Amino acid sequence: MPRYELSGRVVVITGATGALGSALARALRAKGARIALLARDMDKAQALAQELGGAEVALACRADVQSYDELEHAMAAVVSHFGRMDVVLANAGIDHVAPMVHMDAPTFERVIDINLNGVWRTFRSSLQHVQAQQGYLMAICSMAAFVHSPLQAHYTASKAGVSALCNSVRLELRDLNVGVGCVYPTFFPSPLLERMQDDDAGKKLWSGNQRGLWETVSLEDVVAGIVHGIERRRSTVVVPKRNALVMLMPGLFRLLIEPIGFKRAAVKAAIALTRPR
């Protein structure tokens, strides 16, 4: 497939003020794209828009992915400002470490609503604009779509759902010449990873596990993989590439990973650390 040139195109990023969102905004702007920064924190979004070059090439819009109305309004504002919309990156997401037995319903539902429903809302609210340019939708997923760790049932379920959503929507939109991609990174430096590592239960569960399939990769590697995926309108992007086997054979890897990566004693100890005091 010929390179999908980014120069002059309009790229929308949700969760744009986070570590990955802001790094993607800078990398895509360096490719000549115009950037729409959707975020809840308008102060940070506006500061980033100024850093990227101001109103001609960057726009900050307030949008919470839990609100379809806010997203719809933001997408309309982007098209009004730039005149078009080519690429949408559904990047907003959260995590929380807790077992089902110690988790309340609102916590579970919030993770699902932001990570999974938020992707659907982002795609749906932007679809007519992206379709007009025969553009490209991309969701930032995770290797957690295939490796289902304990104490993260809400997170892994949300990411498996995002993967399935992208696979289904891709088939629906192919005759409209709208591409759909899904990104599966492993651990990379971010506040989300820092919170997990600082959490006592997360530390107990993952201590010694961040090697091999879970070895942390650089933020720069993740960004480079995503940008390359957009330029090729890829259906899947795995970072690092060696983890592609997990995506291709998740059932087999689950049988191998569960007894080795999530030993019963470590899981039991991690669950005990989450017990309400």
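Laboratory data are not the source of any read-out in this text; all were calculated from the coordinates shown. Bear in mind that the values here come from a model prediction, so they are computed numbers and not experimental data. In this analysis, Cβ positions are derived from the backbone assuming ideal geometry, glycine residues included, and neighbour counts consider all displayed protein chains.
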Taking each full run of DSSP H in the chain as one helix, which ones are at least 20 Å long along their axis (Cα atoms) and have mean Kyte-Doolittle hydropathy of at least -1.0? 68-82, 118-132, 153-173
Based on DSSP H runs of at least 4 residues, each adding -39500 (n - 2.57), what is the mean residue ellipticity at 222 nm of the chain after dividing by all its residues, to the nearest 500 deg cm²/dmol? -15000 deg cm²/dmol
If we sort 90-100, 172-182 on the protection proxy, mean other Cβ atoms within 10 Å, highest first, what's the order? 90-100, 172-182
Show the residues, 5+ positions off or on another chain, whose built amide H is closer than 5 Å to the amide H of ILE35. VAL11, ALA58, LEU59
Where a label projected 7 Å from the Cα of ASP113 along Cα→Cβ would reach, residues of the stretch 25-64 with amide N under 20 Å: 39-42, 62-64
Multiply the residue gap between ALA164 and GLU56 by 0.36 nm, knock off their C-alpha separation, and tell me the result in nm, one decimal place. 35.2 nm
Under a Gaussian network model of the chain whose springs join Cα atoms within less than 10 Å, the largest fluctuation of ASP104, ASP64, ASP113 belongs to ASP104
Count neighbours as other Cβ atoms within 10 Å of each site's Cβ, and list the GluC sites (Glu not before Pro) in the stretch 1-76 that are DSSP loop with at most 11 such neighbours. GLU5, GLU56
Return the label of the correct value of Rg and Dmax of the Cα atoms in Å, as calculated from the structure shown, out of (1) 18.6, 58; (2) 19.2, 70; (3) 23.8, 74. (1)
Approximate spin-label separation GLU5-ALA77, in nm, with each point projected 7 Å along Cα-to-Cβ: 3.1
What does the net charge come to around PHE108 if you take all other residues with beta carbon closer than 15 Å to its beta carbon, with K and R at +1 and D and E at -1? -2
The chain, Gaussian network, Cα under 10 Å: of VAL11, VAL57, VAL183, the residue fluctuating most is VAL57
Placing +1 on the Cβ of each Lys and Arg and -1 on the Cβ of each Asp and Glu in the chain, which of LEU256, VAL88, HIS102 has its Cα farthest towards the positive end of the resulting dipole? LEU256
Relative contact order (%) - criterion: Cα under 8 Å, at least six apart; region: the stretch 1-138: 25
Hey, what did the chain get for relative contact order, percent, Cα under 8 Å, at least 6 apart? 18
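Which value, in debye to the nearest 20, gives the size of the charge dipole of the stretch 10-273 about its Cα centre, when Lys and Arg are +1 and Asp and Glu are -1 at the Cβ?
800
Order the peptides 23-29, 163-169 from the highest to the lowest mean number of other Cβ atoms within 10 Å of their residues.
Packing proxy ranking, top to bottom: 23-29, 163-169.
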